[in-house]
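Right, one structure below, let's go through it.
The values are calculated or read from the model by the stated rules, or taken from the named source; none is laboratory data. What you see is a predicted model; the values in this text were computed from it and never measured. Cβ placement follows ideal geometry from the backbone for every residue including glycine, while neighbour counts extend to all protein chains displayed.
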Amino acid sequence: MISEKEKAVAPPVSYGEWLSLLAIVKNERRCEPEIFAALSRGSLDVSVETVVVPLKEQIVETVNVMLDRAAKRFIKDLNEAIAFNELCHVDLMFLRLKKEIGKALFFENLGFLGAEFVSELSDSVKKQMSDFWSSTVKFLYDQSVEFSNSELEDALFTVKRIKLFD
């Protein structure tokens with residue numbers, strides 16, 4: 001069922017509408033969930049092949065901006081938590097990162113992009129972010145052992161149970 005708020009943002013159907021919504025996602029720090037809902041329901045007339053390739057490039061660029069922004073925010077928050085030795089909520093930072101990564105996968109149900117493109121982009125996002133996630137967890141685990149930080153160990157216990165991708 002589509003909520004009233006989701007109806008307020010119409011799914012893009014033309015190249016111009018796609019560019020408008022993708023620009024919002026790239027340029028605004030916090031986009032409304034309705035934007036992502038509209039993007040995931042979008043369509044495009046694939047008979048106009050001249051716009052499909054540029055749209056794919058715009059989608060890749062938007063996904064990269066989203067992932068970069070999410071990773072930078074995560075690292076900033078994590079560095080602050082480490083600096084102030086307030087690591088009890090590190091699991092919440094990972095949950096927020098997971099949510100942001102999930103938003104970046106808005107393209108997964110867009111059949112008009114082609115299964116191969118969607119699969120390659122999805123696999124790339126998942127590999128990059130899984131590697132980032134794993135290396136961060138390993139770094140934090142090493143820190144918890146080195147400094148005997150039981151608070152961080154407890155938070156990592158929860159983090160290790162979070163599935164990045166369902």
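Scanning segment 50-69 for residues that are surrounded by 15 or more Cβ atoms within 10 Å (Cβ to Cβ) and of a type in the set (A, V, I, L, M, F, W, C) yields 51, 52, 55, 59, 60, 63, 65, 66, 67.
Per-residue answers, yes or no, for (1) acidic (Asp, Glu); (2) in a helix (DSSP H, G or I); (3) over 25 Å from residue 28 (Cβ atoms); (4) in contact with a Leu (Cβ under 6 Å, 6 or more places away or on another chain):
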site	(1), (2), (3), (4)
91	yes, yes, yes, no
96	no, yes, no, no
99	no, yes, no, no
102	no, yes, no, no
107	no, yes, no, no
117	no, yes, yes, no
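Close Cβ contacts (under 6 Å, 6 or more residues apart or on different chains) running from residues in segment 106-117 that are charged (D, E, K, R) to residues that are in a helix (DSSP H, G or I) and surrounded by fewer than 17 Cβ atoms within 10 Å (Cβ to Cβ) comprise 108/122. Number of residues in segment 77-89 that are part of a loop (DSSP other than H, G, I, E, B) and not charged (D, E, K, R): the value is 5. Among the residues of segment 47-79, the ones that are under 21 Å from residue 114 (Cβ atoms) and among the acidic types (Asp, Glu) come to 3 in all. Could you say whether any residue in segment 40-60 is within 19 Å of the chain's Cα centre (by Cα), farther than 24 Å from residue 134 by Cβ and among the polar types (S, T, N, Q)? Among the residues of segment 40-60, at least one is within 19 Å of the chain's Cα centre (by Cα), farther than 24 Å from residue 134 by Cβ and among the polar types (S, T, N, Q), which makes the answer yes. On inspection, residue 98 passes the criterion of being of a type in the set (Lys, Arg), in contact (Cβ under 8 Å) with a residue 60 or more places away in the chain and either within 23 Å of residue 120 (Cα to Cα) or surrounded by fewer than 18 Cβ atoms within 10 Å (Cβ to Cβ) (or both). Is it true that some residue in segment 14-33 is touching a residue at least 40 places away in the same chain (Cβ under 8 Å), at negative phi and more than 19 Å from the chain's Cα centre (by Cα)? Yes. Considering segment 75-95, and only residues there that are crowded, with 19+ Cβ neighbours inside 10 Å and in contact (Cβ under 8 Å) with a residue 40 or more places away in the chain, the residue that is nearest to the chain's Cα centre (by Cα) turns out to be 94.
Yes/no matrix, rows are residues, columns are (1) closer than 15 Å to residue 21 by Cβ; (2) hydroxyl-bearing (Ser, Thr, Tyr); (3) in contact with a Gly (Cβ under 8 Å, 6 or more places away or on another chain); (4) at pLDDT 95 or above:
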residue: 50; (1), (2), (3), (4): no, yes, no, no
residue: 58; (1), (2), (3), (4): yes, no, no, yes
residue: 64; (1), (2), (3), (4): no, no, no, yes
residue: 67; (1), (2), (3), (4): no, no, no, yes
residue: 81; (1), (2), (3), (4): no, no, no, no
residue: 87; (1), (2), (3), (4): no, no, no, no
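Selection within segment 7-49: residues that are among the hydroxyl-bearing types (Ser, Thr, Tyr) and either assigned to a helix (DSSP H, G or I) or touching a Pro at 6+ places or on another chain (Cβ under 8 Å) (or both). The member of this set that is surrounded by the most Cβ atoms within 10 Å (Cβ to Cβ) is 15.
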